[in-house]
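Below you'll find the structure, written out as structure tokens, and then a few comments.
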Amino acid sequence: MSMRELVVLGTASQTPTRTRNHNGYVLRWDDEVILFDPGEGSQRQLLHSTVTATDLTRICVTHFHGDHCLGLPGTIQRLSLDRVPHPVAVHFPAGGAEYFARLRHASSFYETAELAVVPIATDGQQIEIRGGTLEARRLRHPVETYGYRLVEPDGHRMLPERLAAHGIAGPAIGELLRVGHLDVAGRRVTREQMSAPRPGQRFAFVMDTGLCDAVYDLADNADLLVIEATFLASEAALAAEVGHLTAGQAAQVATECGVRRLVLTHFSQRYPDLDRFAGEAREHFAGDLVVAEDLTTVPVPPRRVPSAK
């Protein structure tokens, strides 16, 4: 059974708190299980979640600041300890290859897991994965940083009443989907006649960055946007100086980009009360809002179903 959801392992920026672990996010996307930005403690947080290290198929690192990558050594060693039987792809900024090498071999262990290492070397680099295309865009931060976007291709939703009216059933439906047409009782029937468009789903992951074009490109029409909101508006000048966003800025991005479900995260330790983030975001975004908490699960919204013509 396919499942699309975000599992939040940690929500703290820079410094963990008593209630917030360092960053860590797992996206279940059907057969793909992608770990984003495993900060310190991610391996332990997995034990408290519904995800195991063996489930992971891919790891994506946005940049090599500690709160986004210090969980890599433990996670990578756990893959070998558990003898994960499948290759696990790993993506990270190519300019940080030396950091990745150090983290991968931070201590002595017997490496049995197979890592398929594919660094991100160019802005806009695309990687074909099961269920869509993973695209990386260069963000605005003091170190080389990429955000990620997963786009499912558009498809078709077959219409049972039209299929029944033409006597199309069973394997013939699959053939119609694959080939695009079917000859029924001497008459050609097309896939478009028997279906409605099914827009592909979109997921976006935007961490440490100031506002830039790539933020908007990543968030464009996202069904689920996970985005940093390190600061509140009262620290907007500081946010701009160090390459971060405020909750209000993140919410404005979501509104302008047509985001369906907005997940705010990566909160500075200076804010014990996250209700203020919700209040500030609500000034700019009227859609489905989640202020992330550790070890919560956020479903990807059901796909848009346009009406048949």
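Estimated from helical segments only, the mean residue ellipticity of the chain at 222 nm is -6000 deg cm²/dmol, where each DSSP H run of four or more residues counts as -39500 (n - 2.57). Using a probe of 1.4 Å, the accessible surface attributed to TYR99 totals some 120 Å² when neighbouring protein chains are kept in position.
Ranking PHE64, LEU79, PHE277 by Cα position along the charge dipole of the chain, where only Lys, Arg, Asp and Glu carry charges on their C-beta atoms, puts LEU79 farthest toward the positive end.
Within the assembled protein chains, the solvent-accessible surface assigned to CYS257 is about 10 Å², based on a 1.4 Å probe.
About its Cα centre, the dipole of the chain is roughly 840 debye, where the only charges are +1 on Lys and Arg Cβ and -1 on Asp and Glu Cβ. Taking label positions 7 Å along the Cα-Cβ direction at both ALA286 and GLU128, the computed distance is 4.2 nm, reported to one decimal. Accessible area per residue for the chain, computed on protein heavy atoms with a 1.4 Å probe, is 45 Å². The slack in the chain from THR255 to ALA236, taken as 0.36 nm per residue of separation less the alpha-carbon distance, amounts to 4.9 nm. Apolar share of the accessible surface for the chain: 51 percent from carbon plus sulfur atoms, 1.4 Å probe. The charge dipole of the range 151-309, taken about the Cα centre with unit charges on the Cβ atoms of Lys, Arg (+1) and Asp, Glu (-1), comes to about 1180 debye, rounded to the nearest 20.
The values are calculated or read from the model by the stated rules, or taken from the named source; none is laboratory data. Only a predicted model underlies this, so the values are computations on that prediction, with no experimental measurement involved. Because the Cβ atoms are built from the backbone with ideal geometry, glycine has one as well, and the counts that use them run over all protein chains shown. These area figures cover heavy atoms from the full protein model, side chains too; ligands, DNA and RNA do not enter into them. Shrake-Rupley method; radii C 1.70, N 1.55, O 1.52, S 1.80 Å.
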